[in-house]
Amino acid sequence: MNQVRYFSKLLLFWLVFFLVNRLFFAIYYQSELSSIAGKELLRVLPNTLPLDLSFIAYLSAIFVLLLFIHSICNHKTISRIVSNVILALNYFFILITSIIIGSEISLYDEWSTKLNYTAISHLKNPSEVFLTASFSNYITLAIALILGTLFMVIYKKYVHQHFENSKTGILFSTIKLPIVLGLLLLVIRGGWGDVPLNTSDAYFSKHVILNDLAVNPNWNLIQSVLKSKNDFKGNPYKKHTDIECDNFKAEFSEHKNEFTEPILNTTQPNIVFIILEGWSADNIETLEGLEGITPHFNALEKEGLLFTNFYTNGWTSDQGISSIFSSFPVFPYVAIINQIDKSRKLPSLRKSLKNYHASFFYGGQLTFGNIKGYLLSQKFDVVKDHNDYKNLPAGRLGVHDEYMFTQFKDELSKLPEPFMSALFTVSSHSPYDFPGEHKLSFNSKSDPYVNSVAYSDRCLGDFMEQVKSESWYENTLFVLVADHSHRSPREWRVSQKERFQIPMLWYGEVLKEDYIGSTHQQMGSHVDISATVLNQLNLGHSEFQWSRNLLNPSIKPAIPFAFHRGYGLMNRKGYYAFSEDYQKVFEHHFEDSIVGPQIKKDAELYFQSAFQNYLEL
């Protein structure tokens, strides 16, 4: 009971400490918060709990281990040492939290971001930090430290205790330890769910400052440092000089900002993205795929524009989302979408379409890969996931596609025009527990996946037929594109070009008649979507450094792709893939001996330049 009482008081102490520090932040930025409705401000409080509790559970786990040592030794001296260590650790974390809060408030004024790895990396040059700090910055830090000192006194007087010698015995303590640590682990990871806790769990608003207020400062900094661990090593792709990189980027950007002939009959259509979970080109007959899997998609091709040489840049959904909407390349080891301090600085279709209402709908968990955090930081007006559709029939991963497509139709009818909206499907992801028959067989381990795509295809076809009667339909461009590819009965190698090919179809009555039922052979990938869409809307896209207009025949294709622990590049004349794990070339296919070395060099220059861009964000 002695320990239960202590940990109860410890929990309450840290929750109050974090609350007071948030109030300090809120008072400092009251002018920014004053325009936000009080009801939304109050929503900060419940959204702070997951990450606050996770940090407290981390801390408690350390104390539990120390008390286990105390119970085994069962000696007054050990009891005193353990008690003093626990006191010192609490003091230490109170001090660190105060420094983080004081620094964060000052940093937010300049960068509009929480304290992160990029900020603390400036401590390599401490004189730079101290010379650029203003008097108000020192006052802010001093107030934070005074608050921290006050809470140290409160902790010592009302929370801390000296732990008496254990009377339960070694056996009971040994049995109790894994149970308690297991419960703490559940709190640390945010429960039993498939997706562990991340910063997205605290995000709830389109007002970035409220999301930042909800995120636990300690948890945020630790995650930022861990996710930026590659930054410690600098640019791992550095093989060439800066001049060579500049020349490569200049050549890459040639013709980039040229406007091309419009294929749409309007420059302000509604835009609906249907992001097809894991659809490989192997499911599409027109793309030389297997027969009979996607008859509804095939029917839509006859009324749309099919991009027949289109590729994903990565292999996961979070990579696909940031590549589609922000046109940022994918790297083998780091995902920029997981680093809010960097990803919020990216350009995006949402930011470019300033007069559009933007929304995103998903039947699963958008906390996966920090997608929710990314979308909200990019100022999407509406972001909904399975938490908003708990009344709909669902499988393990989320709402079944047939019900989600129906819901999406209803959601679209409520949106103000012009709008950009996206539905991300879920049923073609493992465990493939969709409510449909498994009719197709290719005598492959991938048969469940193939059948799930067939189910999603039927749902897609029904949706496209139903929305034709909607008032907004006539002025809407539908962009049907996969978020990434997938293993199929074709069994491509992990870095083989065909493994990355995916479908993209533009569809709708806004297409000019000449392009209805046609195909486009220009090579392209996710990162090219932004430039291609914006060009059709007669909007500039120079801020998208790595995006090029797919409809510009003057562009020389260069398609970057990443796989687990490796990277590559493809163009019209061949492709190259290198495994960093094995330090070995996995793929090298080219027309002649002159082209081969150039593709290899272009791949190295692309990733060196793109990663440098990432480091500088």
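The values are calculated or read from the model by the stated rules, or taken from the named source; none is laboratory data. Keep in mind that what you see is a predicted model, and the values were worked out from it rather than measured. Because the Cβ atoms are built from the backbone with ideal geometry, glycine has one as well, and the counts that use them run over all protein chains shown. The protein model used for the area step is the full one, side chains on, heavy atoms only, and it has no ligands, DNA or RNA in it. Shrake-Rupley method; radii C 1.70, N 1.55, O 1.52, S 1.80 Å.
Key figures for this structure:
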{"read-out": "For the chain, accessible area per residue (1.4 Å probe, heavy atoms of protein chains only), Å²", "value": "43"}
{"read-out": "Theoretical FRET efficiency, 1/(1+(r/R0)^6), r = Cβ-Cβ of residue 238 and residue 135, R0 45 Å, to 0.05", "value": "0.65"}
{"read-out": "Pairwise FRET efficiency - residue 583 versus residue 226, Cβ, R0 = 30 Å, nearest 0.05", "value": "0.75"}
{"read-out": "Within the accessible area of region 1-103 (1.4 Å probe), percent carbon and sulfur", "value": "74"}
{"read-out": "Bins of 5 Å from zero: percent of alpha-carbon pairs in region 209-296", "value": "2, 8, 7, 7, 7, 11, 16, 17, 15, 8, 1"}
{"read-out": "Reported label for calculated Rg and Dmax of the Cα atoms in Å given (i) 26.9, 88; (ii) 38.9, 135; (iii) 48.5, 162", "value": "(i)"}
{"read-out": "Angle between the chain longest axis and helix 135-154 axis [Cα atoms, degrees, rounded to 10]", "value": "50"}
{"read-out": "Protection proxy ranking of 178-185, 77-84 - average other beta-carbon atoms within 10 Å, highest first", "value": "77-84, 178-185"}
{"read-out": "Charge dipole (debye, nearest 20) of region 494-617; +1 at Cβ of Lys and Arg, -1 at Cβ of Asp and Glu", "value": "240"}
{"read-out": "Inter-site label distance for residue 493 and residue 518 at 7 Å from Cα along Cβ, in nm", "value": "3.7"}
{"read-out": "Taking region 245-338 and dividing mean pair separation by its residue count, relative contact order in percent (alpha carbons under 8 Å, at least six apart)", "value": "12"}
{"read-out": "Modelled FRET efficiency - R0 56 Å, residue 76 with residue 601, Cβ distances, 0.05 increments", "value": "0.20"}
{"read-out": "Reference-scaled alpha-carbon Rg (2.2 N^0.38 Å with N residues) for region 464-517", "value": "1.59"}
{"read-out": "Crossing angle, helix 447-466 versus the chain [Cα axis fit, 0-90 degrees, rounded to tens]", "value": "70"}
{"read-out": "Segment residue 7-residue 88, length gained on full extension (0.36 nm per residue, minus Cα span)", "value": "27.6 nm"}
{"read-out": "Heavy-atom accessible surface of region 491-617: percent carbon and sulfur, 1.4 Å", "value": "47"}
{"read-out": "With every protein chain in place, region 259-383: carbon and sulfur % of accessible area (1.4 Å)", "value": "50"}
{"read-out": "Over the chain: helical MRE at 222 nm, DSSP H runs n ≥ 4 each giving -39500 (n - 2.57), nearest 500", "value": "-14000 deg cm²/dmol"}
{"read-out": "Inter-probe distance in nm under a simple model that places probes 7 Å from Cα toward Cβ, at residue 192 and residue 593", "value": "6.4"}
{"read-out": "Two-decimal ratio, region 261-335, of alpha-carbon radius of gyration to 2.2 N^0.38 Å", "value": "1.30"}
{"read-out": "Whether region 279-426 is rounded, prolate or oblate, judged on the alpha carbon gyration tensor where a/c under 1.5 counts as rounded", "value": "rounded"}
